[in-house]
Amino acid sequence: MLPEYRRGCPADLSAVEEIQRQAPQAAHWDPRDYLSHELWVAADGGAIAGFLVLRRLAPDECELLNLAVAPASRRKRIASGLFRAAVTNFRGNVFLEVRASNQEALTFYKYLGFQEFSIRRDYYSSPPESAIVMKFHSC
């Protein structure tokens, strides 16, 4: 059975919070704040398997704020499916920041078509680290 990709709603927030808790490399923000942006979820067998949050900056520009998949659902193309669902009707640039040490995420985002755009020195704290800014162009 293929996952269903859809916009998230308040009923999904407890599952989103649990996935976020299980993903130490993901951003850990209050999931309720995601509802003021574009929250996408992957429902697999009735359970939320992953989520993605986009923030629109302009009609042709947005930022990927967070993306995480439940440990039991990883390596099943949930994250790439979420990304494709979120940008299917979007035309423009998608930006994101990722820790310089997060090689798994960097490899994944490059697989999706993101390119390294710039570096933000000392962007992260706990621990301090630079961010790699990446850009994807959807046409």
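Tabulated data for the structure shown
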| quantity | calculated |
| --- | --- |
| Of all residues making up region 79-101, the number that are of a type outside the set (Gly, Ala, Ser), surrounded by fewer than 16 Cβ atoms within 10 Å (Cβ to Cβ) and either over 17 Å from Gly50 (Cβ atoms) or within 14 Å of the chain's Cα centre (by Cα) (or both) | 3 |
| Top-ranked residue in region 22-69 [being outside any strand (DSSP E or B) and in contact (Cβ under 8 Å) with a residue 40 or more places away in the chain; ranked as nearest to the chain's Cα centre (by Cα)] | Ala26 |
| Selected residue (criterion: surrounded by the most Cβ atoms within 10 Å (Cβ to Cβ)) from residues of region 22-74 that are over 17 Å from Phe114 (Cβ atoms) and of a type in the set (S, T, N, Q) | Ser73 |
| Residue list for region 1-21, restricted to those being in a loop (DSSP other than H, G, I, E, B) and surrounded by fewer than 13 Cβ atoms within 10 Å (Cβ to Cβ) | Met1, Leu2, Cys9 |
| Hits in region 110-124 - residues which are touching a Phe, Trp or Tyr at 6+ places or on another chain (Cβ under 8 Å) and surrounded by 12 or more Cβ atoms within 10 Å (Cβ to Cβ) | Leu112, Gly113, Phe114, Phe117 |
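Where a number appears in this text, it was derived from the coordinates with a stated rule and is not lab data. Nothing here was measured: the structure is a model prediction, and the numbers come from that model. We place every Cβ from the backbone using ideal geometry, glycine too, and count neighbours over all the protein chains shown.
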